[in-house]
Amino acid sequence: MTSAIYRAQDVATIRSTLESEPIDDIQGRPSCYTLIKLLSQLCEAAKQVECEYSNYGMMWKVLRDEPYLIITGENVVAPLRPGLVPPYLPNGTSAQNATIQVTWQKNKELADQADNMDKALIEIAKSKLDPKFRTSLSTMFRGLPERTFVDFFDRIYRKWGRWTPHDVTENDERMRAPWDPSENDIADVIKQINDAVIFAYFVDHQKNTKEMVTVGEKLILDTGLFATQYTQWKQRPEAEQTWADFEDFWTTALDLWHTTSRTARQQGYAGNINQDNADEAEQAYLSSLQNFGEVNRDNAASFQALTATNAQMAHQLAASVQTMQQQLEQLALAVNTRPPVIVPPPPGYAPTQQASNPSQYMPTYQIPPQQHYQQQPQGSYRPSGRGGRGGRGGGGRGGGRGPAQGRGNYPMQQQQYGQNQGYYQQAQQQGTYGRAQKPAFSNPVKFHKNWNYCHSCGYDVEDWHTSPTCPNPKPGHIPYATRENPCNGCKKGMHKDRF
């Protein structure tokens, strides 16, 4: 009843197995990158520790469930530690109790194996830290028992594993680093992607299975060597294209490819046909690489020419935009601050003085000279007859009928009429006799002190009033008419050329 079919490995044995794999020391202060690198190396080492219920050894003791499930596709349930003694049946048979004994013993050994694995991992992790920082672990875990390695690593990562966005970018670059099948095996590709997934989990940028498979496919296609194997891979159902399936398929396919290539090279004369085929394949590969390089060079030249053209077009566009802005500024300046319009003075104007600015001309009126009649001394002239009525105020009604000069015919005034006789005759005909004759435009001063113009209202309008803003446009109103281009609009106030 004491026979056991399974024995747990002790801590020393497990540690020896783990340390057979490369595990780097951490020099100086631990960082996000060095701690996660240590974790990735422990994952690879844990695969070498035997575990009958996992295809990845004891790796499940290194990672938490989420990243472990993404990488392996396994959901391992940790064994439960049984009681101190087997739970025998009081009335059970010897065979039944023997079975209970075996089951209890196995569960105990599995639990002991898991505990010893945690202890070995913690010991190795501590030994890889720099001695200056290793001493701080006792303070860090004071009062907190180190139950599992996962808990231990979480605590030291929270203390030293600070990361930046640059760490995320660099991890993505490492994940997509090119692969050379002549120097590295497919296992290196798988480890490269697994390490990136573990790192991404600890910097809060988790990867998923589909992204991992996509990156792996691209790395393989970029080699240009495995078109046939890739076709076979893509013909599988989508449910069989998980990351675990990727690892199994490509490990088998590339092992066969390497074996076939190595066998062809080793055949010598007997394998000349295979060697020739290999040479032809290699030559085709080199030719494809050369063609690919030429295409890339052509693409680079085209891209460079396109870049230069775009730069030239951008420069021309910038110059055109600048010219248009200058024109718009000049137009706005012309609309808002119009210079005075030089309007020639109308007939009858004469400048009072010679001025350099025509807008300073001051018009004067050319009025015919007034006639100053000589006042006759009282009693010096007496028209005969009824001349009093003819002369209108020349001495009353005295005298009676006189000579034949007629009414109002004053010889002295007729003599004084003299050289202006023609003017007065014309004035009498036009009805302007006795009044000063004004020119056509008598007031050149603007009421509104601006140079606005309205097609319907003319040249003397309010500051806000222009052709586009006219409140009362007349039929045929042209809204774009300006003072410089009135478009045959209203000429009201056109003569007003000063403030």
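The values are calculated or read from the model by the stated rules, or taken from the named source; none is laboratory data. Given the structure is predicted, the values throughout are model-derived calculations rather than measurements. Please note: Cβ atoms are built from the backbone with ideal geometry, for glycine as well, and neighbour counts cover all protein chains shown. To get the accessible areas, we keep the full protein, side chains included, count just its heavy atoms, and leave off ligands, DNA and RNA. Shrake-Rupley method; radii C 1.70, N 1.55, O 1.52, S 1.80 Å.
For residue 309 and residue 16, calculate 0.36 nm times their separation in residues minus their Cα-Cα distance, and state this gained length in nm to one decimal. List each step's numbers first, then the result.
On the way: separation 293, 0.36 × 293 = 105.48 nm, distance 6.52 nm.
Stretched out fully, the residue 309 to residue 16 stretch lengthens by 99.0 nm.
Can you tell me the length gained on complete extension of the stretch residue 485 to residue 55, counting 0.36 nm per residue apart and subtracting the Cα distance? Walk me through the numbers before you get to the answer.
Working: separation 430, 0.36 × 430 = 154.80 nm, distance 9.19 nm.
Extending this stretch completely gives an extra 145.6 nm.
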For residue 47 and residue 218, compute 0.36 nm times the residue count separating them, minus their Cα-Cα distance, and round to one decimal in nm. 58.9 nm
Cα-Cα longer than 23 Å, checked against 37/119; 210/234; 449/491; 449/492; 108/191; 37/191, kept in input order, equals 108/191
So what is the accessible area of region 6-149 per residue, in Å², with the probe set to 1.4 Å? 53
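What is the calculated FRET efficiency for residue 33 to residue 231, with r their C-beta to C-beta distance and R₀ = 25 Å, to the nearest 0.05?
0.05
Could you tell me the calculated FRET efficiency between residue 321 and residue 492, based on Cβ-Cβ distance and R0 = 41 angstrom, to the nearest 0.05?
Details: r = 40 Å, r/R0 = 0.98.
Computed FRET efficiency for residue 321 and residue 492: 0.55.
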What is the spin-label model distance, in nm, from residue 474 to residue 206 if the labels are put 7 Å beyond Cα along the C-beta direction? 8.1
Over 25 Å between Cα atoms: which of 47/126; 106/126; 128/218 fall into that group? 106/126; 128/218
Taking R0 as 60 Å and r as the Cβ-Cβ distance between residue 255 and residue 98, the FRET efficiency 1/(1 + (r/R0)^6), rounded to the nearest 0.05, comes to 0.85
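Just flag the GluC sites (Glu not before Pro) in region 40-136 sitting in loop per DSSP whose Cβ has no more than 13 other Cβ atoms within 10 Å. Mind showing how you got there, number by number?
Values: sites: 44, 50, 52, 74, 109, 123; in loops: 50, 52, 74.
Those satisfying the criteria are 50, 52.
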Tell me the label-point distance for the pair residue 84, residue 24, using the 7 Å Cα-to-Cβ offset, in nm and rounded to one decimal. 4.8
